[in-house]
Amino acid sequence: MARDCDVAADAINDAAELLKEVGRQTNLDDGKRLARRLERAIGDAAVEASDCECEQSAAKLDAAAARVRRARSADSRREFSVQINHAIDDFNIGVAHMEICIVD
């Protein structure tokens, strides 16, 4: 039986758009400013995934938010990019878990 997790899906979509925007930033300070919003958006998506009883998704989204938090304290553009890339990986896994969860 499919779950009705529209709020979680919307939160994930909002975070995905911000994640793309952060990934396109070339200026470290601008990236960090956007990363603050991104961290909140991914955190919101994790809460919604948990409310939808998709715990594996929520855990991976939490991990993605933690990576974004690390990116926000990066001292270099390279370190920022590495953390954002790890956040993207965790985020994508969280989304995949969400897709599986809502059809189970």
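Worth pointing out:
- Take every Cα pair under 8 Å whose residues are at least 6 apart in sequence, average their separation, divide by the length of region 47-94, and the relative contact order is 42 percent.
- Using C-alpha pairs below 8 Å separated by at least 6 residues, the relative contact order for the chain is 32 percent.
- Restricting region 22-104 to GluC sites (Glu not before Pro) in coil, as DSSP defines it, with at most 11 other Cβ within 10 Å: none
- Rounded to the nearest Hz, the phi-derived 3J(HN,Hα) couplings of region 34-48 under the Karplus curve 6.51 cos²θ - 1.76 cosθ + 1.60 (θ = phi - 60°) are 5, 4, 4, 5, 4, 4, 5, 5, 5, x, 4, 5, 5, 4, 5, where x marks glycine and proline.
- With the helix formula -39500 (n - 2.57) applied to DSSP H stretches of n ≥ 4, the chain reaches a computed 222 nm mean residue ellipticity of -29000 deg cm²/dmol.
- Listed as lacking a disulfide-compatible partner in the chain: no cysteine, by the criterion of no other cysteine Cβ under 4.7 Å.
- About the centre of its Cα atoms, the chain shows a dipole size close to 780 debye [charges on the beta carbon of Lys, Arg (+1) and Asp, Glu (-1) only; nearest 20 debye].
- Here the extension length gained between D29 and E17 equals 2.4 nm, from 0.36 nm per residue of separation less the Cα-Cα distance.
- For the chain, the Cα-based Rg and Dmax, in that order, read 13.4, 47 Å.
- Within the listed set R40, R78, R69, the residue fluctuating most in the Gaussian network model of the chain (springs between alpha-carbon atoms under 10 angstrom) is R78.
FYI, it's all coordinate maths here, none of it is from the lab. All figures in this text were calculated on a predicted structure; none of them were measured in a lab. Cβ: placed from backbone, ideal geometry, glycine included. Neighbour counts: every protein chain shown.
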